[in-house]
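The values are calculated or read from the model by the stated rules, or taken from the named source; none is laboratory data. For clarity, every value in this text was computed on a predicted model and none was experimentally measured. No Cβ is skipped: glycine too gets one built from the backbone with ideal geometry, and neighbour counts run over all protein chains shown.
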Amino acid sequence: TRQAPDVMVAFGRPKGERGSYQQWKENNIPPQVVFEILSPGNTQTEMTRKLLFYDRYGVEEYYIYNPDKNDLGGCIRQENRLESLENLDNWVSPRLGIRFQLAEPELLLYYPDGQPFTSYNQERQRAETERQRAETERQRAEAERQRAEAERQRAERLAAKLRELNISPEEI
């Protein structure tokens with residue numbers, strides 16, 4: 001059976017690009033933490049099937065996030081099976097040490113040291129600010145290049161004028 005979560009964490013496996021995580025090729029080590037992000041096309045039957053799959057294959061923590069409702073659900077392995085968790089607001093993942101906070105309008109994540117994860121919107125804004133900074137720097141460099149070129153042309157004109165007057169510009 002094939003099953004690909006939206007996000008997963010697999011400790012004890014080397015980093016590297018994989019088209020998909022094939023547990024039987026990974027020393028049979030399951031991903032310890034799995035995240036599913038609901039989309040309008042997901043059905044209850046599909047999500048139940050995924051939960052049963054991850055339970056059977058040894059996932060330790062299973063989280064489901066509905067971004068439309070800003071709702072987080074999850075299960076944690078207890079006594080060899082995934083058991084549903086009640087309230088995940090300010091929940092700390094036992095395996096990852098990250099904290100989940102259900103704030104409006106989105107789910108916030110915090111590193112174990114308390115620093116917040118950068119949200120998509122924050123990262124997009126940071127990238128836009130950096131793009132604008134780079135563009136400003138490019139424009140400044142272009143203006144400096146044009147200024148230097150104008151100065152070079154002015155010096156050439158002055159040198160030509162001096163030569164017309166039989167004065168060597170190099171001797172001045």
Exercise. Would you call Ser20 at pLDDT below 95, surrounded by 10 or more Cβ atoms within 10 Å (Cβ to Cβ), assigned to a loop (DSSP other than H, G, I, E, B) and not acidic (Asp, Glu)?
Worked result: no
Exercise. Across the range 79-101, which residue is surrounded by the fewest Cβ atoms within 10 Å (Cβ to Cβ) among those that are out of contact with any Phe, Trp or Tyr (no Cβ under 9 Å at 6 or more places or on another chain) and more than 21 Å from Gln23 (Cα to Cα)?
Worked result: Glu79
For this session: Within the range 1-17, track down each residue that is touching an Asp or Glu at 6+ places or on another chain (Cβ under 9 Å) and either outside the structural domain of Phe53 (by TED's automatic domain parsing) or surrounded by 11 or more Cβ atoms within 10 Å (Cβ to Cβ) (or both).
Result: Pro5, Asp6, Val7, Val9, Ala10, Arg13
For this session: Would you be able to say whether some residue in the range 65-75 is in contact (Cβ under 8 Å) with a residue 40 or more places away in the chain and part of a loop (DSSP other than H, G, I, E, B)?
Result: yes
Exercise. Considering only residues of the range 113-161 that are of a type outside the set (Asp, Glu) and part of a loop (DSSP other than H, G, I, E, B), which is modelled with the lowest pLDDT?
Worked result: Ser119
For this session: Tell me, please, whether a residue that is in a strand (DSSP E or B) and at pLDDT below 95 can be found in the range 42-62.
Result: no
Exercise. Could you count how many residues in the range 162-172 are in a helix (DSSP H, G or I) and out of contact with any helix residue (DSSP H, G or I) (no Cβ under 6 Å at 6 or more places or on another chain)?
Worked result: 4
For this session: Those residues that are of a type in the set (S, T, N, Q) and assigned to a loop (DSSP other than H, G, I, E, B), I need them from the range 76-112; list them, please.
Result: Asn80, Asn87, Asn90, Ser93
Exercise. In this structure, is Leu52 surrounded by fewer than 16 Cβ atoms within 10 Å (Cβ to Cβ), among the aliphatic types (A, V, I, L, M) and within 27 Å of Gly12 (Cβ to Cβ)?
Worked result: yes
Exercise. What number goes with the only condition from (1) within 17 Å of Pro5 (Cβ to Cβ); (2) under 28 Å from the mean Cα position of the chain (by Cα) that Leu85 does not pass?
Worked result: (1)
Problem set entry | Checking Glu86 against (1) at pLDDT 95 or above; (2) in the same structural domain as Ile37 (by TED's automatic domain parsing), the condition it does not meet | (1)
Exercise. Restricting the first residue to the range 93-105 and requiring it to be among the charged types (D, E, K, R), which pairs with a second residue that is not in a strand (DSSP E or B) meet a Cβ separation below 6 Å and a spacing of at least six or different chains?
Worked result: Arg95/Gln32; Arg95/Glu60
Problem set entry | Options Ala159, Ala148; residue that is out of contact with any Ser or Thr (no Cβ under 7 Å at 6 or more places or on another chain), surrounded by fewer than 12 Cβ atoms within 10 Å (Cβ to Cβ) and outside the structural domain of Pro67 (by TED's automatic domain parsing) | Ala148
